[in-house]
């Protein structure tokens, strides 16, 4: 299991370090991380401190980022608590006091657009000029002729374009949350769902029905406000786990989206909705059965 270390508790040792916020851990990030045993990252996202009004919705919460980094073989995640005090550290201090003295960097890997230190004056060239460690500067990675970025992936996810998002991420887009009690409507219709409330701080897929895996099980997932019924409730992510009869209330559910099946639709009757849900389940079964896990 990956070790998570606050910077304040890190002990010097020879480290091969990849530096970045790495929101989404997309294929461009993975190119930077390749060969590193340590990821040096920031929590919260630096823009939340520097320019709160411009802070993006994140692609993944901290726990998911940790698990994805673990899955690609990173040994340690060193976390800088990004606050006002940290913004005063100069680029030279970042190199001398953090990379060299605190962490013992032998290799440092960054993207070519990485900036660091007070007023973002630190550059990859400044890192490369140091002789205490080797520096690897990784160019932007393109998918479909366009540079991969967290911004691009946010737009794809919001539009429900899960296949395109997956090509950029390297894995399916995921959300997770604690299962809450719904209005029991799904159970009444014969399709009991595990419901999670979307986190407004995170990117969530656009309204519609998706084929997905929920905690590893094929699931038909509805995101929306259930327009067939006047419930007055807000948006929910409702997962019907195929061929499962388990009580998930209070447990953390992680949903990995494979394909958007259709948009949200209002039906004239509960019977019409049930017929459509049967079709959604069969579509989900087909999509998930043919999905090749990365």
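Every read-out reported here was derived from the displayed coordinates using simple, explicitly stated rules and does not represent laboratory data. As the structure is a computational prediction, the values presented were derived from the model and not from experiment. Neighbour counts are summed over all protein chains in view; Cβ atoms, including those assigned to glycine, are modelled from backbone coordinates with ideal geometry.
Output the Kirkwood hydrodynamic radius of the chain, Cα pairs only, in Å rounded to one decimal.
Numbers: mean 1/r = 0.0482 Å⁻¹.
Here the Kirkwood hydrodynamic radius works out to 20.7 Å.
Given region 3-147, what whole percent of its Cα pairs are spread farther than 22 Å? Don't jump to the answer; show the numbers that get you there.
Details: 3735 of 10440 pairs.
Across region 3-147, Cα pairs with separations above 22 Å total 36 percent.
Suppose a student asked you for the relative contact order of the chain, using Cα pairs under 8 Å spaced at least 6 residues apart; what percent would you report?
Normalised by residue count, the contact order of the chain is 17 percent.
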Sort 211-220, 283-292, 46-55 by packing, meaning the average of other beta carbons within 10 Å per residue, with the highest value first. 211-220, 283-292, 46-55
Reduced to Cα centres, the span from region 50-72 to region 127-178 in Å works out to 12 Å
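First measure r as the distance between the Cβ atoms of residue 266 and residue 131, then evaluate 1/(1 + (r/R0)^6) with R0 = 45 Å and state the FRET efficiency to the nearest 0.05.
Taking R0 as 45 Å, the efficiency between residue 266 and residue 131 is 0.10.
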Would you report the distance distribution of C-alpha pairs in region 172-290 as whole percents per 10 angstrom bin, up to the bin with the largest distance? 14, 52, 32, 2
Defining a contact as two alpha carbons under 8 Å apart and six or more residues distant in sequence, what relative contact order in percent does region 172-290 show? 34 percent
Test of understanding: extend the Cα→C-beta vector of residue 50 to 7 Å, then name every residue of region 8-32 with backbone N under 20 Å from that spot. 18-26, 28-30, 32
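How high is the FRET efficiency from residue 217 to residue 57, r the C-beta distance, R0 25 Å, rounded to 0.05?
On the way: r = 27 Å, r/R0 = 1.08.
So the FRET efficiency works out to roughly 0.40.
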Computed [θ] at 222 nm, helices only, for the chain once each DSSP H run of length n ≥ 4 contributes -39500 (n - 2.57): -6500 deg cm²/dmol
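Order 192-201, 34-43 from most to least packed using the mean count of other Cβ atoms within 10 Å. Mind dumping the intermediate values first?
On the way: 192-201: 18.4, 34-43: 20.2.
By packing density, highest mean first, the sequence is 34-43, 192-201.
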Here FRET efficiency (C-beta to C-beta, residue 274 to residue 67, R₀ 45 Å, nearest 0.05) is 0.80
